[in-house]
Amino acid sequence: MEEEEGAEAGPLAVVMDVLPPRMTPKEEGSLPYLRIKDQTPTILTKAIDALHRHKSEFFEKHGEVGTEAEKKAISLLSKLRNELQTDKPFLPLTDNCLDADIWNKYLEYHHTLLNENNKKISWFQSPWLYVECYMYRRIHEALVLSSPISYFDVFKESKERNFFESQEAIKTLCSYLQDLKKRIENLDEKQLKDEFLKLFQIVLWGNKCDLALSPNQSIPQTSSPLAVLEDLKPYILVNNLDYLWSLLISRKKMRQETFSITRVDFIMDNAGFELVTDLVMADFLLASKLATEIHFHGKSIPWFVSDTNKNDIYWLIEQLKAANTKCMSECGINWEYYLKHSWIYQDHMFWTLPHEYCTMSQVATDLYAELEKSNLILFKGDLNYRKLVGDRKWDFTVPFHQALNGFHPAPLCSIRTLKTEVQVGLAPGQGEEITDTDPQWMTTGKYGIFQFDGAL
Ligand SMILES: O=P(O)(O)OC[C@H]1O[C@](O)(CO)[C@@H](O)[C@@H]1O
Ligand SMILES: [Mn+2]
């Protein structure tokens, strides 16, 4: 067990004095160790390749200065890869971005936690969550320091490839949504609930599509995403969708008398196919009047290879509008309109800090206050789950509410396929039973959860 760090958690330390240790790549052969050793250098190499491939574009746009900037970004990224592979100490950030100070204070704070046996803050010695986040922030720094090509998103092409490779599945989804919206007014409550459950499962399995887990291969959705839902049901380990339904349907019924709005927030994850599933869900929630207000929270910098930022959304919408299939172009036109008039997109810097979410109320008071206005917050994906539960070695049966460690801005639900060895809220024996039949169950994205916390 690890002492809670008062400086980071502040008053939370009073709430809970001991927490399980954080995941770390220290131990050779462990999952964090292997991911940092094998996967992250590949991600950096691919980022360098992307810059190489755009060499002539930089020259055409900016002349010699563009070529020099490309060289500089490549040399900074190569240096970063070397620091990682030789387990060098973390360096403070040197760009002037608004969050640089917070990152540097976080580094100082980790220094204060060091003891005799734990000598440096470095790639293989520090908490895994911190190490991974730090790498993506350093990639961003390399670009920021390489003006005038600072705008360049080294992961853009792989995100776009995922979209193109998932065309068939996207077409099926768009067509399903358009048809559903035509008949939605005539559905009875049971039929509406069936559609709600179906679309949420599509949203869940869409999270298999991240690119950070397998940087060498994109995982497109080729088969029909609707046809496979029944077969995938046994792989949902925690299914609290009924709570979500009860919460939204009761608010809808009482809205006339009591509630004026029902606000749903999406803490988004990956672009490409997963993003389409989020937009389909948001469209459905409004069309069915289960929600009246949608907020999307994206990333403000390129993050964990496939995470969604503002450009990714607008790029996707342009692609859909230009598609020669009517259902896709209709979705593109509608979503563009909603984003101008009713859907709200926000990208707070907190989402790209290394902090676990139990510190949000202190580190990003404004964001916490914003989330408190929500009626339901959907946290998409594996990384969000890790941040929700602090990326700690919890026992499988610890209640989700407890692992959130004081983070309760509003009712929330994690929608995540399992890619790392962190899981709470299972029934006694459930985790051990799956380990017997499928030892890799926590890391392949084959299993998923809808895990809810909040009062109904
Ligand atoms: O896109 P997701 O579902 O958050 O998954 C990203 C996952 O990829 C990894 O970077 C792979 O190690 C995990 O750290 C992270 O949890
Ligand atoms: Mn992601």
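Summary table
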read-out	value
Candidates F124, F152, F90, filtered to the one that is more than 16 Å from ligand 2 (Cβ to nearest atom), buried (at least 17 other Cβ atoms within 10 Å of the Cβ) and without any contact (Cβ under 8 Å) to a residue 60 or more places away in the chain	F90
Filter pass, E336 being in the same structural domain as M442 (by the TED database), acidic (D, E), over 19 Å from the mean Cα position of the chain (by Cα) and farther than 17 Å from T308 by Cα	no
Residue that is nearest to V305 (Cα to Cα) [pool: residues in the stretch 369-385 that are more than 16 Å from ligand 2 (Cβ to nearest atom) and aliphatic (A, V, I, L, M)]	I377
Residue match in the stretch 324-341 (condition: in a loop (DSSP other than H, G, I, E, B), hydroxyl-bearing (S, T, Y) and surrounded by 22 or more Cβ atoms within 10 Å (Cβ to Cβ))	no
Residue among L177, L187, L229 that alone is within 18 Å of E274 (Cβ to Cβ) and modelled with pLDDT of 95 or more	L177
Failed condition for A169, given (1) farther than 21 Å from N82 by Cβ; (2) surrounded by fewer than 17 Cβ atoms within 10 Å (Cβ to Cβ); (3) touching a helix residue (DSSP H, G or I) at 6+ places or on another chain (Cβ under 8 Å)	(2)
Residue that is in contact with a Gly (Cβ under 8 Å, 6 or more places away or on another chain) and in the same structural domain as K182 (by the TED database), where the choices are A323, A287, A291, A282	A323
Lone unmet requirement of (1) farther than 30 Å from R255 by Cβ; (2) in contact (Cβ under 8 Å) with a residue 24 or more places away in the chain for E318	(2)
Any hit, the stretch 297-311, residues being in contact with a strand residue (DSSP E or B) (Cβ under 9 Å, 6 or more places away or on another chain) and in a helix (DSSP H, G or I)	yes
The one condition in (1) of a type in the set (A, V, I, L, M, F, W, C); (2) more than 20 Å from C97 (Cβ to Cβ); (3) within 16 Å of ligand 1 (Cβ to nearest atom); (4) in contact with a Lys or Arg (Cβ under 8 Å, 6 or more places away or on another chain) that W351 fails to fulfil	(2)
Test result for L388, crowded, with 19+ Cβ neighbours inside 10 Å, within 16 Å of ligand 2 (Cβ to nearest atom), without any contact (Cβ under 8 Å) to a residue 60 or more places away in the chain and hydrophobic (A, V, I, L, M, F, W, C)	yes
Qualifying positions in the stretch 239-278 - within 16 Å of ligand 1 (Cβ to nearest atom), under 25 Å from W441 (Cα atoms) and assigned to a strand (DSSP E or B)	I267, N270
Any helices (runs of 4 or more DSSP H) falling wholly within the stretch 43-152 and containing at least 1 residues that are within 30 Å of Q362 (Cα to Cα)	100-113, 128-144
Residue that is nearest to V18 (Cα to Cα), among those in the stretch 377-424 that are more than 10 Å from ligand 1 (Cβ to nearest atom) and of a type in the set (D, E)	D395
Qualifying residue in the stretch 300-314 (condition: of a type in the set (D, E) and more than 16 Å from ligand 1 (Cβ to nearest atom))	no
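The values are calculated or read from the model by the stated rules, or taken from the named source; none is laboratory data. Predicted, not measured: the structure shown is a model, and the values here were computed from it. Counting neighbours? That spans all protein chains shown, and the Cβs are built from the backbone with ideal geometry, glycine included.
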